[in-house]
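Worksheet: one structure, shown below.
The values are calculated or read from the model by the stated rules, or taken from the named source; none is laboratory data. Quick caveat: nothing in here was measured; it's all calculated off a predicted structure. All Cβ positions, glycine included, derive from the backbone under ideal geometry; neighbour counts span all protein chains shown. Ligands, DNA and RNA are excluded from the accessible area calculation, which covers all protein heavy atoms including side chains. Shrake-Rupley method; radii C 1.70, N 1.55, O 1.52, S 1.80 Å.
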Amino acid sequence: MTAEKANEAPKDQRSFMETLQRSGDLAVVDREVHWDMELGAISRRMTEMDGPAIWFRKITDYPGQSLFVNPISTWRRAAVTLGLPAHARIPEIYEEYIRRESHLIPPVEVKDSACREVVIRGKDVDVCNLATPMIHDGDGGRYIGTWCIVVCKDPDTGWVNWGTYRFMIHNTQYLAGWPFPPSHAGKILQEKYVPRNKPMPIAIVMGADPSSHLAATSSTRIGRDEASLAGGLAGRPIEIIRCLDSDLTFPANAECVLEGEILPDRIAHEGPYAEYPGYRSGEMGAGILMKVNTITHRKNPVLSMDCTGFKDCSSIVTALGGGVAVRRTLERAGVPVTGVYIPSEGAVHLCIVGVSRGGREVTEQVLNALTGRRTYFTKILVVDDDVDIFNLGEVIHAWATRCHSERGTIIKHVEGSAQALTPCYDMEERSRRAGAAAAFDVTWPPSWDRTEIPVKARFDATFPAEVKKKVLDNWKSYGF
Ligand SMILES: Cc1cc2nc3c(=O)[nH]c(=O)nc-3n(C[C@H](O)[C@H](O)[C@H](O)COP(=O)(O)O)c2cc1C
(Lines give C-alpha, C1' and ligand atoms only; values in the text may rest on other atoms or scores of the structure.)
Protein backbone atom coordinates (compact mmCIF):
# COMPACT_ATOMS: atom_id res chain seq x y z
CA MET A 1 0.00 0.00 0.00
CA THR A 2 1.18 3.56 -0.67
CA ALA A 3 0.74 6.47 1.73
CA GLU A 4 -1.04 9.68 0.64
CA LYS A 5 0.43 13.16 0.98
CA ALA A 6 -1.40 15.57 3.30
CA ASN A 7 -4.48 17.17 1.65
CA GLU A 8 -4.56 14.52 -1.04
CA ALA A 9 -7.68 12.42 -1.38
CA PRO A 10 -6.88 8.68 -1.34
CA LYS A 11 -6.35 7.37 -4.86
CA ASP A 12 -7.72 3.90 -4.26
CA GLN A 13 -9.25 1.82 -1.50
CA ARG A 14 -5.92 0.42 -0.31
CA SER A 15 -4.32 3.85 0.16
CA PHE A 16 -7.53 5.00 1.90
CA MET A 17 -7.15 2.08 4.32
CA GLU A 18 -3.51 2.94 4.92
CA THR A 19 -4.34 6.57 5.73
CA LEU A 20 -7.12 5.44 8.06
CA GLN A 21 -4.78 3.05 9.80
CA ARG A 22 -2.31 5.87 10.47
CA SER A 23 -5.01 8.13 11.95
CA GLY A 24 -6.36 5.32 14.14
CA ASP A 25 -9.52 4.95 12.05
CA LEU A 26 -8.96 1.39 10.82
CA ALA A 27 -8.85 -1.75 12.95
CA VAL A 28 -7.23 -4.82 11.40
CA VAL A 29 -8.67 -8.18 12.49
CA ASP A 30 -6.34 -11.10 11.80
CA ARG A 31 -8.33 -13.64 13.77
CA GLU A 32 -10.61 -15.77 11.57
CA VAL A 33 -14.24 -14.63 11.59
CA HIS A 34 -17.23 -16.40 10.11
CA TRP A 35 -19.17 -14.82 7.25
CA ASP A 36 -22.43 -16.08 8.76
CA MET A 37 -23.36 -13.14 11.05
CA GLU A 38 -20.21 -13.10 13.22
CA LEU A 39 -18.59 -10.57 10.87
CA GLY A 40 -21.85 -8.60 10.67
CA ALA A 41 -22.32 -8.53 14.44
CA ILE A 42 -18.78 -7.25 15.04
CA SER A 43 -19.23 -4.57 12.38
CA ARG A 44 -22.60 -3.44 13.71
CA ARG A 45 -21.35 -3.16 17.28
CA MET A 46 -18.31 -1.17 16.14
CA THR A 47 -20.51 1.26 14.17
CA GLU A 48 -22.74 1.85 17.17
CA MET A 49 -19.62 2.59 19.24
CA ASP A 50 -18.55 5.21 16.63
CA GLY A 51 -15.46 3.03 16.25
CA PRO A 52 -13.03 2.57 13.36
CA ALA A 53 -13.60 0.87 10.02
CA ILE A 54 -12.54 -2.77 10.09
CA TRP A 55 -10.40 -4.83 7.76
CA PHE A 56 -11.26 -8.51 8.23
CA ARG A 57 -8.28 -10.38 6.81
CA LYS A 58 -9.34 -13.97 7.44
CA ILE A 59 -12.86 -15.08 6.60
CA THR A 60 -14.03 -18.66 7.08
CA ASP A 61 -14.28 -20.52 3.75
CA TYR A 62 -12.68 -17.66 1.78
CA PRO A 63 -8.88 -17.91 1.91
CA GLY A 64 -7.13 -15.14 -0.03
CA GLN A 65 -10.06 -12.71 0.21
CA SER A 66 -10.63 -10.00 2.80
CA LEU A 67 -13.32 -7.44 3.60
CA PHE A 68 -13.09 -3.71 4.32
CA VAL A 69 -16.15 -2.77 6.35
CA ASN A 70 -17.91 0.54 7.12
CA PRO A 71 -15.61 2.70 4.98
CA ILE A 72 -17.25 6.09 5.67
CA SER A 73 -19.54 5.69 8.67
CA THR A 74 -17.94 8.49 10.71
CA TRP A 75 -17.19 12.15 10.01
CA ARG A 76 -13.51 11.39 10.64
CA ARG A 77 -13.45 8.99 7.69
CA ALA A 78 -15.42 11.48 5.58
CA ALA A 79 -12.67 14.01 6.37
CA VAL A 80 -9.93 11.60 5.25
CA THR A 81 -11.87 10.88 2.05
CA LEU A 82 -11.57 14.58 1.18
CA GLY A 83 -7.88 14.78 2.06
CA LEU A 84 -8.50 16.57 5.39
CA PRO A 85 -7.06 15.56 8.75
CA ALA A 86 -9.35 13.07 10.49
CA HIS A 87 -10.08 15.57 13.29
CA ALA A 88 -11.53 18.22 10.91
CA ARG A 89 -14.78 19.74 12.18
CA ILE A 90 -18.07 18.99 10.40
CA PRO A 91 -18.47 22.54 8.95
CA GLU A 92 -14.91 22.29 7.56
CA ILE A 93 -15.76 18.96 5.92
CA TYR A 94 -18.84 20.53 4.29
CA GLU A 95 -16.76 23.49 3.09
CA GLU A 96 -14.15 21.19 1.58
CA TYR A 97 -16.83 19.09 -0.13
CA ILE A 98 -18.44 22.22 -1.61
CA ARG A 99 -15.04 23.51 -2.76
CA ARG A 100 -14.16 20.23 -4.44
CA GLU A 101 -17.55 19.39 -5.97
CA SER A 102 -17.77 22.75 -7.73
CA HIS A 103 -14.69 21.88 -9.85
CA LEU A 104 -15.64 18.83 -11.87
CA ILE A 105 -12.64 16.97 -13.31
CA PRO A 106 -13.43 14.64 -16.23
CA PRO A 107 -12.11 11.07 -15.99
CA VAL A 108 -9.42 9.56 -18.21
CA GLU A 109 -10.01 6.19 -19.79
CA VAL A 110 -7.41 3.45 -19.45
CA LYS A 111 -7.22 0.11 -21.21
CA ASP A 112 -6.00 -2.16 -18.44
CA SER A 113 -6.07 -2.36 -14.68
CA ALA A 114 -5.34 -4.63 -11.76
CA CYS A 115 -9.07 -5.29 -11.39
CA ARG A 116 -8.63 -7.64 -14.39
CA GLU A 117 -5.97 -9.82 -12.75
CA VAL A 118 -8.59 -12.54 -12.44
CA VAL A 119 -11.33 -12.91 -15.08
CA ILE A 120 -14.18 -15.42 -14.68
CA ARG A 121 -16.76 -15.71 -17.44
CA GLY A 122 -19.79 -17.69 -18.55
CA LYS A 123 -20.47 -21.01 -16.86
CA ASP A 124 -17.52 -20.54 -14.48
CA VAL A 125 -19.26 -17.59 -12.84
CA ASP A 126 -20.29 -18.33 -9.25
CA VAL A 127 -20.89 -15.28 -7.07
CA CYS A 128 -20.89 -17.53 -3.99
CA ASN A 129 -17.12 -17.82 -4.47
CA LEU A 130 -16.79 -14.18 -3.34
CA ALA A 131 -16.64 -13.56 0.41
CA THR A 132 -20.19 -12.33 0.97
CA PRO A 133 -21.44 -12.26 4.54
CA MET A 134 -24.89 -13.01 5.85
CA ILE A 135 -24.78 -9.64 7.56
CA HIS A 136 -27.78 -9.49 9.92
CA ASP A 137 -30.14 -12.09 11.29
CA GLY A 138 -33.38 -11.89 9.29
CA ASP A 139 -31.84 -10.60 6.06
CA GLY A 140 -33.39 -12.30 3.02
CA GLY A 141 -29.97 -13.58 1.99
CA ARG A 142 -26.31 -12.67 1.64
CA TYR A 143 -25.89 -9.08 0.46
CA ILE A 144 -23.02 -8.70 -2.00
CA GLY A 145 -23.90 -5.13 -2.99
CA THR A 146 -23.79 -2.75 -0.03
CA TRP A 147 -20.75 -0.47 -0.33
CA CYS A 148 -20.79 -0.70 -4.11
CA ILE A 149 -21.06 1.45 -7.23
CA VAL A 150 -23.82 0.30 -9.54
CA VAL A 151 -23.26 1.43 -13.12
CA CYS A 152 -25.93 1.67 -15.82
CA LYS A 153 -26.56 3.86 -18.86
CA ASP A 154 -29.38 5.77 -20.49
CA PRO A 155 -29.46 4.21 -23.99
CA ASP A 156 -30.88 7.39 -25.57
CA THR A 157 -28.63 10.07 -24.12
CA GLY A 158 -25.56 7.93 -23.37
CA TRP A 159 -25.47 9.26 -19.78
CA VAL A 160 -23.71 6.79 -17.46
CA ASN A 161 -25.16 6.69 -13.94
CA TRP A 162 -23.24 5.65 -10.84
CA GLY A 163 -25.45 4.87 -7.84
CA THR A 164 -25.30 2.74 -4.70
CA TYR A 165 -28.13 0.21 -4.42
CA ARG A 166 -28.35 -2.99 -2.41
CA PHE A 167 -28.00 -6.38 -4.18
CA MET A 168 -28.56 -9.82 -2.66
CA ILE A 169 -27.30 -13.18 -3.91
CA HIS A 170 -30.20 -15.09 -5.47
CA ASN A 171 -28.13 -18.06 -6.65
CA THR A 172 -24.73 -18.70 -8.24
CA GLN A 173 -25.28 -16.46 -11.29
CA TYR A 174 -28.20 -14.26 -10.30
CA LEU A 175 -28.61 -11.32 -7.92
CA ALA A 176 -31.75 -9.54 -6.75
CA GLY A 177 -31.56 -5.77 -6.33
CA TRP A 178 -33.65 -2.94 -4.97
CA PRO A 179 -33.08 0.46 -6.54
CA PHE A 180 -35.80 2.73 -5.21
CA PRO A 181 -38.20 3.41 -8.19
CA PRO A 182 -37.40 7.18 -8.35
CA SER A 183 -33.63 6.46 -8.20
CA HIS A 184 -31.80 7.06 -11.45
CA ALA A 185 -31.17 3.35 -12.06
CA GLY A 186 -34.84 2.65 -11.27
CA LYS A 187 -36.01 5.32 -13.70
CA ILE A 188 -33.63 4.30 -16.51
CA LEU A 189 -34.71 0.66 -16.19
CA GLN A 190 -38.45 1.36 -16.02
CA GLU A 191 -38.54 4.10 -18.66
CA LYS A 192 -35.91 2.99 -21.17
CA TYR A 193 -35.46 -0.79 -21.01
CA VAL A 194 -38.66 -2.40 -19.67
CA PRO A 195 -40.98 -0.82 -22.31
CA ARG A 196 -38.58 -2.03 -25.06
CA ASN A 197 -38.20 -5.44 -23.38
CA LYS A 198 -34.41 -5.10 -23.58
CA PRO A 199 -31.94 -6.29 -20.94
CA MET A 200 -30.18 -3.39 -19.20
CA PRO A 201 -26.37 -3.75 -19.03
CA ILE A 202 -25.17 -3.24 -15.48
CA ALA A 203 -21.96 -3.46 -13.45
CA ILE A 204 -21.56 -3.71 -9.67
CA VAL A 205 -18.23 -2.35 -8.52
CA MET A 206 -16.68 -3.06 -5.11
CA GLY A 207 -13.67 -1.55 -3.39
CA ALA A 208 -13.06 1.61 -5.45
CA ASP A 209 -11.44 4.84 -4.23
CA PRO A 210 -13.62 6.62 -1.64
CA SER A 211 -14.26 9.69 -3.85
CA SER A 212 -15.92 7.50 -6.47
CA HIS A 213 -18.08 5.83 -3.83
CA LEU A 214 -18.99 9.24 -2.41
CA ALA A 215 -19.94 10.49 -5.89
CA ALA A 216 -22.11 7.41 -6.49
CA THR A 217 -24.06 7.99 -3.30
CA SER A 218 -24.62 11.69 -3.98
CA SER A 219 -27.99 12.76 -5.33
CA THR A 220 -26.87 14.41 -8.54
CA ARG A 221 -29.27 15.52 -11.21
CA ILE A 222 -29.83 13.44 -14.36
CA GLY A 223 -27.09 14.06 -16.91
CA ARG A 224 -24.42 15.12 -14.40
CA ASP A 225 -21.37 12.92 -14.80
CA GLU A 226 -20.58 11.20 -11.51
CA ALA A 227 -17.11 10.18 -12.72
CA SER A 228 -16.32 13.89 -13.14
CA LEU A 229 -17.80 14.60 -9.71
CA ALA A 230 -15.57 11.86 -8.28
CA GLY A 231 -12.60 13.55 -10.00
CA GLY A 232 -13.59 16.88 -8.47
CA LEU A 233 -13.86 15.34 -5.01
CA ALA A 234 -10.51 13.56 -5.45
CA GLY A 235 -8.82 16.65 -6.92
CA ARG A 236 -7.50 14.59 -9.84
CA PRO A 237 -9.02 12.70 -12.79
CA ILE A 238 -10.36 9.27 -11.93
CA GLU A 239 -9.07 6.56 -14.24
CA ILE A 240 -12.02 4.70 -15.68
CA ILE A 241 -12.12 1.49 -17.67
CA ARG A 242 -14.75 -0.04 -19.94
CA CYS A 243 -16.54 -3.26 -19.00
CA LEU A 244 -15.56 -6.41 -20.91
CA ASP A 245 -19.17 -7.12 -21.95
CA SER A 246 -20.59 -3.59 -22.42
CA ASP A 247 -19.49 0.02 -22.84
CA LEU A 248 -20.24 0.91 -19.21
CA THR A 249 -17.33 2.64 -17.48
CA PHE A 250 -16.24 2.37 -13.84
CA PRO A 251 -13.23 3.30 -11.66
CA ALA A 252 -10.24 1.25 -12.85
CA ASN A 253 -8.87 1.16 -9.28
CA ALA A 254 -11.74 -1.14 -8.16
CA GLU A 255 -11.03 -4.40 -6.38
CA CYS A 256 -13.85 -6.44 -7.92
CA VAL A 257 -16.52 -5.99 -10.61
CA LEU A 258 -19.61 -8.02 -11.47
CA GLU A 259 -20.78 -7.44 -15.04
CA GLY A 260 -24.18 -8.51 -16.23
CA GLU A 261 -27.65 -7.46 -17.25
CA ILE A 262 -30.99 -6.74 -15.61
CA LEU A 263 -33.66 -8.90 -17.18
CA PRO A 264 -36.60 -6.63 -18.08
CA ASP A 265 -39.29 -9.32 -17.91
CA ARG A 266 -38.38 -10.89 -14.55
CA ILE A 267 -38.67 -10.02 -10.91
CA ALA A 268 -36.83 -11.72 -8.06
CA HIS A 269 -37.58 -12.17 -4.38
CA GLU A 270 -35.49 -9.64 -2.49
CA GLY A 271 -35.14 -8.56 1.15
CA PRO A 272 -35.93 -8.10 3.91
CA TYR A 273 -32.78 -6.30 4.92
CA ALA A 274 -31.68 -4.38 8.02
CA GLU A 275 -31.66 -0.90 6.54
CA TYR A 276 -30.31 2.59 7.13
CA PRO A 277 -33.31 3.89 9.16
CA GLY A 278 -32.12 1.44 11.83
CA TYR A 279 -34.83 -1.19 11.35
CA ARG A 280 -35.34 -4.32 9.26
CA SER A 281 -37.27 -3.49 6.08
CA GLY A 282 -40.72 -5.18 5.89
CA GLU A 283 -41.17 -8.48 4.09
CA MET A 284 -39.43 -10.14 1.17
CA GLY A 285 -40.65 -8.24 -1.91
CA ALA A 286 -40.27 -7.97 -5.67
CA GLY A 287 -36.77 -6.89 -6.66
CA ILE A 288 -35.05 -6.64 -10.01
CA LEU A 289 -33.11 -9.64 -11.34
CA MET A 290 -29.50 -9.39 -12.50
CA LYS A 291 -27.78 -12.15 -14.44
CA VAL A 292 -24.04 -12.04 -13.74
CA ASN A 293 -22.05 -12.92 -16.87
CA THR A 294 -18.53 -11.93 -15.86
CA ILE A 295 -16.59 -11.41 -12.63
CA THR A 296 -13.22 -9.66 -12.64
CA HIS A 297 -11.09 -8.93 -9.59
CA ARG A 298 -7.63 -8.26 -8.26
CA LYS A 299 -5.66 -11.18 -6.89
CA ASN A 300 -6.51 -11.40 -3.19
CA PRO A 301 -9.29 -8.83 -3.52
CA VAL A 302 -10.25 -6.56 -0.62
CA LEU A 303 -14.04 -6.55 -0.98
CA SER A 304 -16.11 -3.75 0.54
CA MET A 305 -19.19 -3.77 2.73
CA ASP A 306 -21.39 -1.37 4.68
CA CYS A 307 -22.97 -2.93 7.75
CA THR A 308 -26.23 -1.04 7.36
CA GLY A 309 -28.42 0.00 10.28
CA PHE A 310 -28.30 2.87 12.77
CA LYS A 311 -25.41 5.27 12.00
CA ASP A 312 -24.19 3.39 8.91
CA CYS A 313 -22.26 4.79 5.95
CA SER A 314 -25.38 6.12 4.26
CA SER A 315 -26.16 8.32 7.26
CA ILE A 316 -22.78 10.06 6.81
CA VAL A 317 -22.45 10.16 3.02
CA THR A 318 -26.04 11.33 2.64
CA ALA A 319 -25.40 13.94 5.31
CA LEU A 320 -22.47 15.19 3.26
CA GLY A 321 -23.35 14.93 -0.45
CA GLY A 322 -27.08 15.05 0.26
CA GLY A 323 -26.70 18.02 2.59
CA VAL A 324 -24.88 20.01 -0.08
CA ALA A 325 -27.49 19.01 -2.70
CA VAL A 326 -30.27 20.12 -0.34
CA ARG A 327 -28.53 23.45 0.14
CA ARG A 328 -28.33 23.99 -3.63
CA THR A 329 -32.01 23.04 -4.05
CA LEU A 330 -32.99 25.56 -1.39
CA GLU A 331 -30.82 28.27 -2.95
CA ARG A 332 -32.49 27.66 -6.32
CA ALA A 333 -35.89 27.92 -4.60
CA GLY A 334 -34.90 31.34 -3.26
CA VAL A 335 -34.64 30.28 0.41
CA PRO A 336 -32.17 32.48 2.40
CA VAL A 337 -30.30 29.34 3.51
CA THR A 338 -27.12 29.65 5.60
CA GLY A 339 -26.41 25.95 6.20
CA VAL A 340 -27.82 22.42 6.08
CA TYR A 341 -27.11 19.53 8.45
CA ILE A 342 -28.46 16.00 8.22
CA PRO A 343 -27.32 14.46 11.53
CA SER A 344 -26.51 10.74 11.40
CA GLU A 345 -28.65 10.24 14.54
CA GLY A 346 -31.67 11.21 12.42
CA ALA A 347 -31.01 8.39 9.90
CA VAL A 348 -31.72 10.60 6.85
CA HIS A 349 -35.22 11.35 8.20
CA LEU A 350 -34.27 14.62 9.90
CA CYS A 351 -32.91 17.70 8.13
CA ILE A 352 -31.84 20.92 9.87
CA VAL A 353 -31.81 24.08 7.75
CA GLY A 354 -30.26 27.35 8.94
CA VAL A 355 -31.75 30.55 7.49
CA SER A 356 -30.89 34.25 7.71
CA ARG A 357 -34.58 35.19 7.63
CA GLY A 358 -37.26 32.81 8.90
CA GLY A 359 -40.99 32.69 9.50
CA ARG A 360 -43.81 30.45 8.38
CA GLU A 361 -43.57 31.44 4.71
CA VAL A 362 -39.89 30.52 4.48
CA THR A 363 -40.54 27.26 6.37
CA GLU A 364 -43.26 26.36 3.88
CA GLN A 365 -40.89 27.17 1.01
CA VAL A 366 -38.29 24.79 2.50
CA LEU A 367 -40.90 22.06 2.95
CA ASN A 368 -42.07 22.32 -0.65
CA ALA A 369 -38.52 22.28 -2.01
CA LEU A 370 -37.63 19.12 -0.04
CA THR A 371 -40.66 17.05 -0.97
CA GLY A 372 -40.07 16.68 -4.72
CA ARG A 373 -38.73 13.61 -6.59
CA ARG A 374 -37.95 11.75 -3.37
CA THR A 375 -39.28 12.59 0.09
CA TYR A 376 -36.60 11.26 2.42
CA PHE A 377 -37.00 13.78 5.25
CA THR A 378 -40.06 13.37 7.40
CA LYS A 379 -38.96 16.08 9.88
CA ILE A 380 -37.42 19.38 8.78
CA LEU A 381 -36.29 22.02 11.26
CA VAL A 382 -35.86 25.56 9.94
CA VAL A 383 -33.73 27.47 12.45
CA ASP A 384 -32.39 31.01 12.84
CA ASP A 385 -28.73 31.43 11.96
CA ASP A 386 -27.76 32.33 15.54
CA VAL A 387 -28.19 28.61 16.28
CA ASP A 388 -25.22 26.32 15.53
CA ILE A 389 -26.94 23.74 13.32
CA PHE A 390 -24.12 21.22 13.93
CA ASN A 391 -24.71 21.33 17.69
CA LEU A 392 -27.71 19.07 18.34
CA GLY A 393 -28.04 20.34 21.91
CA GLU A 394 -28.47 23.91 20.67
CA VAL A 395 -30.88 22.81 17.94
CA ILE A 396 -33.08 20.87 20.37
CA HIS A 397 -33.10 23.84 22.75
CA ALA A 398 -34.21 26.18 19.96
CA TRP A 399 -36.83 23.72 18.71
CA ALA A 400 -38.27 23.21 22.19
CA THR A 401 -38.46 26.93 22.91
CA ARG A 402 -38.90 28.89 19.66
CA CYS A 403 -41.21 26.65 17.67
CA HIS A 404 -44.89 27.41 18.28
CA SER A 405 -46.50 23.97 18.46
CA GLU A 406 -49.50 25.08 16.42
CA ARG A 407 -48.45 27.99 14.20
CA GLY A 408 -44.92 26.67 13.78
CA THR A 409 -45.77 23.19 12.51
CA ILE A 410 -46.60 22.64 8.84
CA ILE A 411 -47.51 19.19 7.55
CA LYS A 412 -47.52 18.15 3.90
CA HIS A 413 -48.87 14.87 2.57
CA VAL A 414 -46.98 13.27 -0.31
CA GLU A 415 -48.21 10.65 -2.74
CA GLY A 416 -45.87 8.53 -4.88
CA SER A 417 -42.59 10.09 -3.73
CA ALA A 418 -42.35 8.89 -0.12
CA GLN A 419 -39.53 6.57 0.97
CA ALA A 420 -41.10 3.15 1.54
CA LEU A 421 -38.47 2.32 4.17
CA THR A 422 -39.77 5.01 6.55
CA PRO A 423 -40.49 2.95 9.68
CA CYS A 424 -43.57 4.90 10.86
CA TYR A 425 -45.48 4.37 7.59
CA ASP A 426 -48.05 1.58 7.60
CA MET A 427 -48.07 -1.15 4.93
CA GLU A 428 -50.70 0.61 2.87
CA GLU A 429 -48.71 3.86 2.81
CA ARG A 430 -45.53 1.98 1.90
CA SER A 431 -47.14 0.25 -1.06
CA ARG A 432 -48.46 3.59 -2.40
CA ARG A 433 -45.24 5.38 -1.45
CA ALA A 434 -47.48 7.80 0.38
CA GLY A 435 -46.50 9.64 3.52
CA ALA A 436 -46.05 13.01 5.15
CA ALA A 437 -43.33 15.48 6.02
CA ALA A 438 -43.51 17.98 8.86
CA ALA A 439 -41.58 21.23 8.83
CA PHE A 440 -41.02 23.09 12.08
CA ASP A 441 -40.53 26.84 12.08
CA VAL A 442 -37.80 27.25 14.71
CA THR A 443 -37.32 30.96 14.00
CA TRP A 444 -38.54 34.14 15.61
CA PRO A 445 -41.43 35.60 13.58
CA PRO A 446 -40.02 38.22 11.15
CA SER A 447 -42.90 40.53 12.19
CA TRP A 448 -41.61 40.74 15.79
CA ASP A 449 -39.51 43.77 16.60
CA ARG A 450 -36.35 43.47 18.68
CA THR A 451 -38.14 44.13 21.97
CA GLU A 452 -40.43 41.15 21.40
CA ILE A 453 -37.60 38.67 20.84
CA PRO A 454 -36.62 37.18 24.23
CA VAL A 455 -33.04 37.82 25.30
CA LYS A 456 -31.08 34.59 25.64
CA ALA A 457 -30.24 33.58 29.20
CA ARG A 458 -26.73 32.61 28.20
CA PHE A 459 -23.25 33.70 29.20
CA ASP A 460 -22.58 35.39 25.88
CA ALA A 461 -25.93 37.23 25.74
CA THR A 462 -27.03 38.28 29.25
CA PHE A 463 -23.94 39.89 30.75
CA PRO A 464 -22.24 43.22 30.06
CA ALA A 465 -18.96 43.00 28.12
CA GLU A 466 -16.85 44.15 31.09
CA VAL A 467 -18.29 41.46 33.38
CA LYS A 468 -17.68 38.76 30.77
CA LYS A 469 -14.12 39.96 30.25
CA LYS A 470 -13.41 39.96 33.98
CA VAL A 471 -14.81 36.45 34.37
CA LEU A 472 -12.85 35.10 31.40
CA ASP A 473 -9.61 36.80 32.48
CA ASN A 474 -9.94 35.41 36.00
CA TRP A 475 -11.37 32.01 35.07
CA LYS A 476 -8.40 29.94 36.22
CA SER A 477 -7.99 31.95 39.41
CA TYR A 478 -11.48 30.87 40.56
CA GLY A 479 -9.90 27.45 40.97
CA PHE A 480 -11.64 25.76 37.98
C1 LIG B 1 -24.68 1.79 1.61
C2 LIG B 1 -25.80 2.40 0.82
C3 LIG B 1 -26.83 1.59 0.34
C4 LIG B 1 -27.88 2.13 -0.40
N5 LIG B 1 -28.85 1.31 -0.89
C6 LIG B 1 -29.82 1.81 -1.68
C7 LIG B 1 -30.79 0.94 -2.27
O8 LIG B 1 -30.78 -0.27 -2.07
N9 LIG B 1 -31.73 1.50 -3.09
C10 LIG B 1 -31.76 2.85 -3.34
O11 LIG B 1 -32.63 3.30 -4.10
N12 LIG B 1 -30.87 3.70 -2.77
C13 LIG B 1 -29.90 3.21 -1.96
N14 LIG B 1 -28.98 4.05 -1.40
C15 LIG B 1 -29.10 5.51 -1.61
C16 LIG B 1 -28.58 5.88 -2.99
O17 LIG B 1 -27.26 5.45 -3.18
C18 LIG B 1 -28.60 7.38 -3.20
O19 LIG B 1 -29.94 7.80 -3.14
C20 LIG B 1 -27.98 7.81 -4.51
O21 LIG B 1 -28.20 9.19 -4.67
C22 LIG B 1 -28.58 7.07 -5.67
O23 LIG B 1 -28.07 7.56 -6.88
P24 LIG B 1 -29.04 8.19 -7.98
O25 LIG B 1 -29.44 9.55 -7.45
O26 LIG B 1 -28.17 8.27 -9.19
O27 LIG B 1 -30.19 7.28 -8.14
C28 LIG B 1 -27.92 3.52 -0.65
C29 LIG B 1 -26.88 4.34 -0.17
C30 LIG B 1 -25.83 3.79 0.55
C31 LIG B 1 -24.71 4.68 1.03
ask   = With all protein chains present and a 1.4 Å probe, how do E452, E101, E261 order by accessible area, largest first?
value = E452, E261, E101
ask   = From the backbone phi of segment 71-78, what are the Karplus-calculated ³J(HN,Hα) couplings (6.51 cos²θ - 1.76 cosθ + 1.60, θ = phi - 60°) in whole Hz, Gly and Pro given as x?
value = x, 10, 9, 9, 5, 4, 6, 5
query = What nm distance separates the two modelled labels at N129 and S356, each placed 7 Å from Cα along Cα→Cβ?
reply = 6.1
message = What's the magnitude of the charge dipole for segment 333-442 around its Cα centre, counting Lys and Arg as +1 and Asp and Glu as -1 at the beta-carbon? Answer in Debye, nearest 20.
response = 400
remark   = Counting only protein heavy atoms and rolling a 1.4 Å probe, one gets per residue an accessible area for segment 333-442 in Å² of 42
remark   = Only helices counted: for the chain, with every DSSP H run of 4 or more residues adding -39500 (n - 2.57) and the sum spread over all residues, [θ] at 222 nm is -6500 deg cm²/dmol
message = If DNA, RNA and ligands are ignored and the probe is 1.4 Å, what is the ranking of F440, F167 by accessible area, most exposed first?
response = F440, F167
message = Nearest 5 percent is fine: what portion of the DSSP beta bridges confined to the chain is antiparallel?
response = 70
task = Return the Cα extents of segment 80-184 along principal axes one, two and three, sorted largest first, each rounded to a whole Å.
result = 47, 38, 34
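Of the heavy-atom accessible surface of the chain (probe 1.4 angstrom), what whole percent is carbon and sulfur?
About 53 percent, which is the carbon plus sulfur part of the accessible surface.
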task = Could you point to the residue in P52, S431, N293 farthest towards the positive end of the chain's charge dipole, with +1 and -1 charges on the Cβ of Lys/Arg and Asp/Glu respectively?
result = P52
key: Quotient of Cα Rg and 2.2 N^0.38 Å for segment 274-416, N being how many residues it contains   = 1.28
request  = Report the normalised scattering of the chain as log10 I(q)/I(0) at q = 0.07, 0.08, 0.11 Å⁻¹, calculated by the Debye formula with identical scatterers on the alpha carbons.
outcome  = -0.38, -0.50, -0.91
request  = Would you list which aspartates and glutamates come within 13 Å of K311, measuring only between C-alpha atoms, while excluding same-chain residues fewer than 8 positions from it?
outcome  = E48, D50, E275, E345
request  = May I ask what percent, to the nearest 5, of DSSP beta bridges between residues of segment 1-76 are antiparallel?
outcome  = 40
remark   = Per residue, accessible area of segment 1-149 with a 1.4 Å probe, heavy atoms of protein chains only, in Å², comes to 45
remark   = Here Rg/Rh (Cα, Kirkwood) for segment 333-442 equals 0.97
request  = Can you find, among W75, Y143, T220, the residue farthest towards the positive end of the dipole of segment 13-305? Put +1 on the C-beta of Lys and Arg, -1 on that of Asp and Glu.
outcome  = T220
task = Could you pull the Rg and Dmax for segment 3-44, using just the Cα atoms, both in Å?
result = 13.3, 38
message = Given N residues in segment 273-343, what is its alpha carbon radius of gyration divided by 2.2 N^0.38 Å?
response = 1.62
key: Neighbourhood charge, 10 Å Cβ-Cβ cut-off, centred on D30 and excluding it, Lys, Arg +1 and Asp, Glu -1   = +2
ask   = In angstroms, what radius of gyration and Dmax does segment 133-234 have, counting Cα atoms only?
value = 14.1, 42
